[in-house]
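Written below as structure tokens is the structure these notes are about.
Taken together, the values in this text are just the output of simple stated rules run on the coordinates, not laboratory data. Computed from a prediction, not measured in an experiment: that's the story for all the values here. Note: ideal-geometry Cβ built from the backbone for every residue, glycine included; neighbour counts use all protein chains shown.
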Amino acid sequence: MEVAFVLNYFTEFGQTVAIVGDYEAFGKWNNLGARKMEYQGNGFWKLEFIFPKTLESFSYRYIVTNSADWNLTEAGSTRQVNLKELAPSAVIEDRWRAGESTEVAPHVNSSLFTDVVFGRNKETVAPAAAKVSSIKKAADSVTVQITVHAVQIPPTSNLRVCGEAAVFGHWDTKNAPALSDAEYPYWKLTIQVPRTQLGTKYKFVYTDPSFSHSQWEDGTDRVLPNIKQANLIVTTSFNQGFDVRGCGVAIPVFAIRTKKGLGVGEFLDLKPMADWAASAGIKLIQILPINDTSVRGDWRDSYPYSSLSVAALHPMYLHLPYLTKTPRC
């Protein structure tokens, strides 16, 4: 199984990019045994390796080393590649994951954004991208699988790959193939690209259903590498800063009034509050702490930031009729 790893990373003088992994030829997770890549110019590093046919998968990550045995490990989880799926040969083009990158930043990947602000509609999620091995190979073509990490795509929009080649729509977003959001926040596309269209320029863009609005990623055009192998795996991120703006409302629970409440604000009052916020296009409700503050037994317990536990909720916000099956007794 012939695999070529490609990574774009600009090092400083004396530094080298290497790959450490779970296979013995890559150090068995020992950085001292990591396999060094060769510099290709313009920030690109490459390593070609032939894995035994009996090896079905390979786990790895990129590190940067120097002559003094110093090393810097990329952020994020371990990378995985299914070698059996990519037989007989493949090029794997990765993107270095810095600690501040959107792919690994905890606040970007929190449920606030992935499930609420940008949460996808489960009823309209696109079918999962096809596996590389399931694609019928066309003559003189390469199977390309693209995986893009992109949280900030509006729920009703689609992420597309658009470029100068016919397979990418000739820079026309309406003809650009859409990526599947079945594994959101990762978007995937598996497509056959004629070898005559390799080396083409492209970018990622998201569009609304009517194509009346489109948002291109930042930076220069990407280039689909011209390879000799049968498969190309591209793993990257949507090149755009995570500068999210939206409408929100700040209100303490004790200030919410509903017809079913007792007039002091209750946990259940948050439900109609959330329904109203959604109908008004409000994405975020900020409240004061609702933890139990019954510490001293005097007026100081009214201070919402003086809680006795980070887990216990304050009983004053309970809806009393729901504590019994016979509320009138």
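Some notes on this structure:
- Entries in K46/K203; K122/K259; K53/K136; K188/K271 that, when Cα-Cα distance is taken, lie over 28 Å: K122/K259; K188/K271
- Sparse-neighbourhood loop sites, chymotrypsin sites (Phe, Trp or Tyr not before Pro) in segment 275-329 - DSSP loop, at most 15 other Cβ within 10 angstrom: Y305
- Peptides 33-46, 152-165 ranked from most to least packed by the mean count of surrounding Cβ atoms within 10 Å: 152-165, 33-46.
- For segment 56-125, trypsin sites (Lys or Arg not before Pro) meeting the loop criterion (DSSP other than H, G, I, E, B) and having at most 16 other Cβ atoms within 10 Å: K122.
- Here r is the Cβ-Cβ distance between A105 and K53 and R0 is 30 Å; the resulting FRET efficiency, rounded to 0.05, is 0.20.
- Residue with peak Gaussian network fluctuation, the chain [Cα springs, cutoff 10 Å], from R222, R195, R296: R296
- The GNM of the chain, with springs linking C-alpha atoms under 10 angstrom apart, assigns the highest mean-square fluctuation among V249, V20, V144 to V249.
- Cα centroid of segment 266-296 to Cα centroid of segment 132-160, whole Å: 40 Å
- Degrees between helix 270-279 axis and first principal axis of the chain (Cα, 0 to 90, nearest 10): 50 degrees
- Dipole of segment 248-323 computed with +1 at Lys/Arg Cβ and -1 at Asp/Glu Cβ about the Cα centre; of S294, S309, P272, farthest Cα towards the positive end is P272.
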